[in-house]
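Each reported figure results from applying straightforward, stated rules to the coordinates on display, with no laboratory input. Just so it is clear, the structure is predicted and the values come from calculations on it, not from any experiment. As a convention, Cβ positions derive from the backbone with ideal geometry for all residues, glycine included, and neighbour counts pool all protein chains shown.
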Amino acid sequence: MSRIIRFGTKVGLVGATVYYTNEYGVWNDADSSAKVVKELRSLYHQYVNPYVEEAKSNVPLEVPDIPSISQISHSIFSSWNSGVLYTSQFLINLPSHVSQWTTDASNFINKQLEASSESK
């Protein structure tokens, strides 16, 4: 019964997250997403930052700042570029990998056939 409740809670949280991010326009064009980030940043500075400043004075812990839009876009472009590079490298090496896998499979099948003929 607890698994059902846990699963239902997780599904509810994911559904609510998708619904509200869609309502706020996170999944629209880049301008509306940037607007949402700016709004969240202002809400953070308005409501959360005073408590963070108070906690900083009481706890020796450094809370990182929210990354700027330029930092986020740089990270996205860098990730995209490395993904393109890895995909290209995989496609370049694919013929040699397929050849090696074919040789390995052929050797394995031959060994299995030899072992089964010896056991008879």
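Mind giving me the nanometre distance, one decimal, between the label points for SER88 and LEU43, set 7 Å out from Cα along Cα→Cβ?
Rounded to a tenth, the inter-label distance reads 4.0 nm.
Go ahead and estimate [θ] at 222 nm for the chain from helices alone: -39,500 (n - 2.57) per DSSP H run with n ≥ 4, summed, over the residue count, rounded to 500.
Estimated from H runs of four or more residues: -29000 deg cm²/dmol.
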